[in-house]
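Presented below is the structure to which this report refers.
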């Protein structure tokens with residue numbers, strides 16, 4: 001059946017089916033004539049810019065969407081354009097029955113663990129080629145890598161601040177708790193009670209960790225220096 005003015009799908013749906021895989025269009029058209037609730041195609045083929053917007057808004061979790069290649073559609077009830085579960089269950093039933101009848105395997109997002117009830121796509125096993133450009137996949141992977149690097153950089157930056165505070169505070173302390181030891185180490189073995197007074201209470205524990213870390217590094221450096229000599 002061709003899309004035309006006599007088709008039960010409205011004008012918006014007809015427009016949104018442009019560029020969608022012909023097999024999926026066939027299923028949608030047939031299901032629209034049999035579904036007890038009126039069906040609207042809210043989205044079909046998407047441009048990468050649209051997909052990026054959805055990912056940024058948290059409405060999609062991937063740039064490797066089947067919408068980008070016309071392998072997926074989003075359907076809702078035409079009565080109120082809402083994602084009513086009872087109506088979407090009826091749409092899904094009609095879609096599955098028609099798909100089975102004409103031999104086009106589809107997947108409903110409502111069957112996923114993280115449900116996406118308006119979403120229907122061609123089964124990847126039968127239609128494996130995603131067609132998503134390699135550049136798009138690289139962008140998605142790069143974004144994940146950049147996010148991970150950002151977390152690491154934040155942690156490293158926080159550690160650097162702590163060590164900087166420890167270094168400055170250690171330099172201001174002259175009350176060691178043990179007899180003098182070799183230069184480079186003695187300034188790091190200090191009165192812990194004095195340390196607690198150098199920074200606000202909220203920073204005390206963080207400062208202590210940084211100071212101890214700094215002291216450990218100094219001791220290790222001195223030990224390695226002796227081994228080399």
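Got a sec? Which residues in the range 37-73 would a label at residue 14 touch, if it sits 7 Å along Cα→Cβ and we count backbone N under 15 Å?
40-41
Based only on other Cβ atoms within 10 Å, what is the fewest-to-most ordering of 91, 106?
Neighbour counts put them in this order, fewest first: 106, 91.
How would you order 93-99, 55-61, 36-42 from highest to lowest mean count of nearby Cβ atoms within 10 Å?
The densest-packed peptide leads the list: 93-99, 36-42, 55-61.
Starting from the Cα of residue 84, step 7 Å along the direction of its Cβ; do the same at residue 34; then give the gap between the two resulting points in nm.
2.2
I need the Kirkwood Rh of the range 11-132: take the reciprocal of the average 1/r across all distinct C-alpha pairs and report it in angstrom.
Over the range 11-132, the inverse of the mean reciprocal pair distance is 14.3 Å.
Can you sort 111, 116 from fewest to most other Cβ atoms within 10 Å of each residue's own Cβ?
111, 116
What distance in nm lies between label points placed 7 Å from Cα along the C-beta direction at residue 62 and residue 123?
1.7
None of the figures in this text is laboratory data; all of them are computed from the coordinates on show. Please read all numbers here as calculations on a predicted model, not as lab measurements. A quick note on method: Cβ atoms are made from the backbone with ideal geometry, for glycine too, and the neighbour counts reach across all protein chains shown.
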